[in-house]
Amino acid sequence: MILKKIWNFLWHEDSIASWIVNIILAFLIIKFLVYPLLGLMLGTGFPIVAVVSGSMEHQLEPFEDKYEICGYSFDEKENINYDRFWQICGPWYENKNITQEKFKEFRLSNGFNKGDIIVLQSKDNINVGDTIVYWSNYENPIIHRVVELGENKYNTKGDHNGREDGFIHDDRVIGKALFKIPLLGWIKIWFVNIIDLPLSLFRG
């Protein structure tokens, strides 16, 4: 009888309390069941990450009164296709012996956008062109492309950025990108912003 009442409350009752409980229940199931199982299957403790910056975007982004990509500024906005991206950004990669044809074969060669979700797998067998997530010196994870290999370390760069990041050691790597799910990460970004808003009032 009690189980039946709980079942009706969760799935049939149309009330604010029922909605709140369902949201909490969904969060707990995802966090403590789905997320760990997915991590176990993919070989990483962080199988899903939300992209919170534009450092891997292949489009011009506003900067002050201009638009920029790969360290170059433009007066007007334009849509960037793959060839145009390479025309602007390619010389940097060619200096690292990464040709346009080779870059095109990289996973996520068209980059990805703020608000996308990236599904990660184990950090085993990382190669030039792989996109990895690693802990930065500021304790925030960064998701950038590997452009150079060292001994147990990797030099990375955001596709949109004008400069490389410098080498990071393998023990700071969380995982490497498997595929992206567009836009779904905005849910997390909005949620974090909603939580952060009242906290920012206290920080001044």
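The values are calculated or read from the model by the stated rules, or taken from the named source; none is laboratory data. For clarity, every value in this text was computed on a predicted model and none was experimentally measured. In this analysis, Cβ positions are derived from the backbone assuming ideal geometry, glycine residues included, and neighbour counts consider all displayed protein chains.
Here are the numbers:
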{"item": "Condition check for ILE132: buried (at least 17 other Cβ atoms within 10 Å of the Cβ) and within 14 Å of the chain's Cα centre (by Cα)", "result": "yes"}
{"item": "Members of segment 111-128 found to be assigned to a loop (DSSP other than H, G, I, E, B) and under 25 Å from LEU60 (Cβ atoms), listed by number", "result": "GLY111, PHE112, ASN113, LYS114, GLY115, ASP116"}
{"item": "Subset of segment 89-120 (residues that are touching a strand residue (DSSP E or B) at 6+ places or on another chain (Cβ under 6 Å) and either surrounded by 17 or more Cβ atoms within 10 Å (Cβ to Cβ) or modelled with pLDDT of 95 or more (or both))", "result": "LYS96, LEU108, PHE112, ASP116, ILE117, ILE118, LEU120"}
{"item": "Candidate set from segment 142-194 (those that are outside any strand (DSSP E or B) and among the small types (Gly, Ala, Ser)); member that is modelled with the highest pLDDT", "result": "GLY158"}
{"item": "Conditions (1) modelled with pLDDT of 70 or more; (2) within 27 Å of the chain's Cα centre (by Cα); (3) exposed (fewer than 13 other Cβ atoms within 10 Å of the Cβ): number failed by MET56", "result": "(3)"}
{"item": "Residue pairs meeting the criteria (Cβ under 8 Å; at least 6 apart or on separate chains; first over 16 Å from SER53 (Cα atoms), in segment 114-128; second polar (S, T, N, Q))", "result": "LEU120/THR44; GLN121/THR44; SER122/THR44; LYS123/THR44"}
{"item": "Residue that is more than 22 Å from the chain's Cα centre (by Cα) and not basic (Lys, Arg), where the choices are GLY90, GLY111", "result": "GLY90"}
{"item": "Count - residues of segment 34-53 that are loosely packed, with under 14 Cβ neighbours inside 10 Å and in a strand (DSSP E or B)", "result": "0"}
{"item": "Residue in segment 71-84 that is modelled with pLDDT under 95, among the aliphatic types (A, V, I, L, M) and either more than 20 Å from ASP165 (Cα to Cα) or surrounded by 12 or more Cβ atoms within 10 Å (Cβ to Cβ) (or both) present", "result": "yes"}
{"item": "Among the candidates PRO141, PRO62, residue that is of a type outside the set (D, E, K, R) and closer than 25 Å to ASP170 by Cα", "result": "PRO141"}
